[in-house]
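**Student:** Input: one structure, supplied below.
The values are calculated or read from the model by the stated rules, or taken from the named source; none is laboratory data. Given the structure is predicted, the values throughout are model-derived calculations rather than measurements. Surface accessibility is based on the protein's heavy atoms, side chains included, excluding ligands, DNA and RNA. Shrake-Rupley method; radii C 1.70, N 1.55, O 1.52, S 1.80 Å.
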Amino acid sequence: MATWDLADELNHPLDFLLIQNGFINLFCRQAVLDDAISWLRNHSYKVVQVDSAAWQSQGDLHRDIARVLEFPDYYGSNLNALNDCLSDVAVQSYGWSPEDTGLVLVIDGYEAFASKDATTAHLLLDIFSRSRQLTPLCSDTA
């Protein structure tokens, strides 16, 4: 689990900067996202990625997120089940291990997904914003 010196306002590492204003970040430039991913991996974060631009249905969303976060077979593939499983991810029941500094989910092509299903896209962000152990990084750099 990452820890920071809150008194050291001038030298915070990237992980602190990513979550200081909330757990969801939007990247508009692929190079900046790639640099962040590289830094996080180099600091022992588990980084998993999904391509939401390819999602044509909620089923695609649930299949990909369940796969990368290693959800159990009984996962219900709906937003309520996602919310429930993220609680288990938060306590490391699956998705990441104690050896990882933290867990980061990169959602590539988020803008494309949001243009197809704005309601689900917003609900998804609401669910992730309540999950305190998972840091989603969204990109619209399709």
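**Student:** Based on alpha-carbon atoms only, what is the radius of gyration of segment 10-141 relative to the globular estimate 2.2 N^0.38 Å? The partial results should precede the final answer.
**Tutor:** Values: Rg = 14.1 Å, N = 132, 2.2 N^0.38 = 14.1 Å.
Compactness ratio reported: 1.00.
**Student:** Quick one: what are the phi-derived ³J(HN,Hα) couplings along segment 77-89, Karplus 6.51/-1.76/1.60 with θ = phi - 60°, whole Hz, x for glycine and proline?
**Tutor:** Once rounded to whole Hz, the list reads 6, 8, 5, 5, 5, 4, 4, 5, 5, 5, 5, 5, 4.
**Student:** Given a 1.4 angstrom probe, I'd like the percentage of the accessible area of segment 12-141 that is carbon and sulfur, rounded to a whole number.
**Tutor:** On the way: 3010 of 6270 Å².
Carbon plus sulfur share of accessible area: 48 percent.
**Student:** In what sequence, largest accessible area first, do 84, 117, 73, 15 appear using a 1.4 Å probe? Could the numbers behind the result be given before it?
**Tutor:** On the way: 84 95, 117 45, 73 160, 15 20 Å².
These residues rank, largest area first, as 73, 84, 117, 15.
**Student:** Once fully extended, how much extra length lies between residue 31 and residue 130, figured as 0.36 nm per residue of separation less the alpha-carbon to alpha-carbon distance?
**Tutor:** Details: separation 99, 0.36 × 99 = 35.64 nm, distance 2.77 nm.
Extra length from residue 31 to residue 130 when fully extended: 32.9 nm.
**Student:** Continuing with this model, one more query. How much area per residue is accessible in segment 13-142 when the probe is 1.4 Å and only protein heavy atoms are counted (Å²)? Present the calculation step by step, with values, prior to reporting the outcome.
**Tutor:** Values: 6350 Å² over 130 residues.
It amounts to 49 Å² per residue over segment 13-142.
**Student:** Same structure, new question: When every alpha-carbon pair in segment 27-91 is counted, what percent end up more than 13 Å apart?
**Tutor:** Values: 1441 of 2080 pairs.
Roughly 69 percent, rounded to a whole number.
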